[in-house]
1. So who's got an amide H within less than 5 Å of the one on residue 326, skipping anything under 5 residues away but keeping other chains? H placed 1.01 Å off N, in plane.
2. Roughly what % of DSSP beta bridges within the chain run antiparallel, to the nearest 5?
3. Convert each backbone phi in the stretch 124-130 into a coupling constant with the Karplus relation 6.51 cos²θ - 1.76 cosθ + 1.60 (shift: θ = phi - 60°), then list the ³J(HN,Hα) values in order as whole Hz, x for Gly and Pro.
4. Could you tell me the distance between the Cα centroids of the stretch 221-242 and the stretch 97-162, to the nearest Å?
5. Which angle from 0 to 90°, rounded to the nearest 10, does the C-alpha axis of helix 260-271 make with the longest principal axis of the chain?
6. For residue 78, enumerate residues with amide H under 5 Å from its amide H, sequence gap 5+ or separate chain, H modeled in the peptide plane.
7. Any idea what the dipole of the stretch 77-129 comes to, in debye rounded to 20, about its Cα centre with Lys/Arg Cβ at +1 and Asp/Glu Cβ at -1?
8. Just need the Rg to Rh number for the chain, please, alpha carbons only, Kirkwood Rh.
Amino acid sequence: MTSVDTMTSGGPGASGGPGVSGGPGVSGGPSVSGMIFDIKRYAIHDGPGIRTAVFLKGCPLKCWWCHNPEGQGSQPQLLFRANRCKAFKACIDACPRGAIRWENGSLTDWETCDQCGKCAAACYPGARELVGRCLSVAELMREIERDVPFYDQSGGGVTFSGGEPMFQCEFLRESLYACKERGIHTIVDTSGHAAWGGFESILPLVDLFLYDLKLMDDTKHLKYTSVSNRLILDNLRKLSSTGAHIIVRIPLIPGVNDDRENIEHSANFLSKLPSLDGVELMPYHEIGVAKYASIGKKYRLESNRMPTREEIEAAEAIIAGFHLPVINHQPGRTK
Ligand code: SF4
Ligand code: SF4
């Protein structure tokens, strides 16, 4: 199966895609391929122990504060880091579309660029890079298996993140299945915006869900993420009723969702769920902002700031007031 087929099958609104009904290991097995934009080894902030964080491409949301904008699109994405450019100008000749010009440095016309990656292949210093590679489950597992000794020592495992990992549901499911076959602890870090059938199909293969809850007001949710929150809230209710282990993570973004009304509304909703392992606030930070210019996109929260310690503690106190287990945030998360 091509990566495009794989991604389409698991996308939002799909009934689960090919292979869901057949269950893990039945439909495609280790030959199923997916599009990955990063693999971070020795991650210590993405769940218990030392972990390998695997970042899958494609996301149905477009959050204004997203730290991984290069992970939103489902296809490989050209990234240009001006600080690495050594002015060799090989990119200009390499581009078949004439999308690169020189004006005190290499400039890309992002409207004309079709992300073919030829400039990246010609760029010796690596200033231009095509982010996103297609891997089979078997290839991914070869990378993951190198880290097994660290999992064994630390109680770690693999965290699947993105983008939205459920966007490539079949690839995710087969990768999870391969991890469980090897006794590896698994986490899925999700926005919750995916067909319920996809969640059902991975349930027995996931040790812990990290589940984002961004905004309770649907109009604001639509404005800041480009999608309604209805499916996300519905899936969270259903997931919780299965007894799955879930930590809900709320990004705390001044001026967007840090008002008392939203925090109370969120905590009230969460307090009614049948089961929940914890709630963690994820204070807004500016890591990732520079990536926007490097992929030709505009960052829309330009004038924002990090919440203060007092603001974080005040929000945590509101959540704790609803008798929810609050997990103190550890700085350094990758998403
Ligand atoms: S990725 Fe874009 S800028 Fe680079 S060679 Fe292809 S069309 Fe030109
Ligand atoms: S859900 Fe996550 S990956 Fe998707 S746009 Fe929002 S922050 Fe980015």
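Computed from the coordinates by the stated procedures, all read-outs in this text should not be read as laboratory data. None of these values were measured; they are calculated from a predicted model. In this analysis, Cβ positions are derived from the backbone assuming ideal geometry, glycine residues included, and neighbour counts consider all displayed protein chains.
1. 279
2. Antiparallel: roughly 40 percent of the beta bridges in the chain.
3. Here the 3J(HN,Hα) series is 4, x, x, 5, 9, 9, 8 Hz.
4. Value for the Cα centre distance between the two parts: 30 Å.
5. Approximately 60 degrees, to the nearest 10.
6. Distant-sequence amide H within range of residue 78: 131.
7. Charge dipole of the stretch 77-129: 240 debye, to the nearest 20.
8. My calculation of the ratio gives 0.98.
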